[in-house]
Amino acid sequence: MPIPGSGLAKGLAVTLRTMTKRSHTAQYPEVQPELPPRSRGVIGLFEENCTVCMLCARECPDWCIYIDSHKETVPAAAPGGRERSRNVLDRFAIDFSLCMYCGICIEVCPFDALFWSPEFEYAETDIHELTHERDKLREWMWTVPAPPALDPAAEEPKEIAAARKAVEKAEAAAAARAAAEAAPAADAEPGTGPGAPEPGSGTPDTPAGGPA
């Protein structure tokens, strides 16, 4: 059977311990919080990588991504070639009043055009102002933290390994060509070919001292 008043004594003990500790107050906005690198603050757009494939807009469960584009004709790269058409981005906007920060648009983008930024100070007094266009999304792109360093013990990525092997192969071929070009030049120099007399030894039919 508990002692009468033991609960009150435990509660007062907790209160006394808390009263003797100094409180930790976040001095925001004077001091910005240190957020984890993978914080989901806002979505940044790297529009150079965007091909207007519309995959992010189709996969968004809230339909909060608005994309407009037009087609332009690209001249043929070589004479007699065929002209091509490409999509040009006109508008890329995200309505953050609808966005639920699921990250699906970033995951499905096949060209790495969307990234998470830890930036979170974009509150507005009017809900209509929460639809941010591509200029603002591009500004947030420069607040995206750098990716974490690779594990030194990890396997080398296939893309880097293939590029390194291609460079090594090209360097070996260039060295072989340089050696092949240097060999005929060395054989063409006078007095350096096989059977050439040593300096001061005269001709093969003449003694070293010259004619008597």
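If you check Ala93, Ala154, Ala113, Ala78 for being small (Gly, Ala, Ser), over 24 Å from Leu35 (Cβ atoms) and touching a residue at least 24 places away in the same chain (Cβ under 8 Å), only one passes: Ala93. Per the conditions (1) of a type in the set (S, T, N, Q); (2) exposed (fewer than 11 other Cβ atoms within 10 Å of the Cβ); (3) within 25 Å of Asp95 (Cα to Cα), the sole criterion not satisfied by Ser69 is (2).
Remark: Met19 matches the filter, which requires a residue to be aliphatic (A, V, I, L, M) and outside the structural domain of Glu133 (by TED's automatic domain parsing). Kindly indicate whether Ser85 is polar (S, T, N, Q), loosely packed, with under 13 Cβ neighbours inside 10 Å and either touching a Phe, Trp or Tyr at 6+ places or on another chain (Cβ under 8 Å) or within 16 Å of Cys50 (Cα to Cα) (or both). It is true that Ser85 is polar (S, T, N, Q), loosely packed, with under 13 Cβ neighbours inside 10 Å and either touching a Phe, Trp or Tyr at 6+ places or on another chain (Cβ under 8 Å) or within 16 Å of Cys50 (Cα to Cα) (or both).
Evaluation of Asn49 against the conditions (1) without any contact (Cβ under 8 Å) to a residue 12 or more places away in the chain; (2) among the polar types (S, T, N, Q); (3) touching a Phe, Trp or Tyr at 6+ places or on another chain (Cβ under 7 Å) shows that the sole unmet condition is (1). Screening Ile67 with (1) in contact with a helix residue (DSSP H, G or I) (Cβ under 9 Å, 6 or more places away or on another chain); (2) of a type outside the set (D, E, K, R); (3) more than 21 Å from Trp116 (Cβ to Cβ) gives one miss only, at (3).
The values are calculated or read from the model by the stated rules, or taken from the named source; none is laboratory data. Predicted, not measured: the structure shown is a model, and the values here were computed from it. Every residue, glycine as well, gets a Cβ built from its backbone with ideal geometry; the counts of neighbours run over all protein chains shown.
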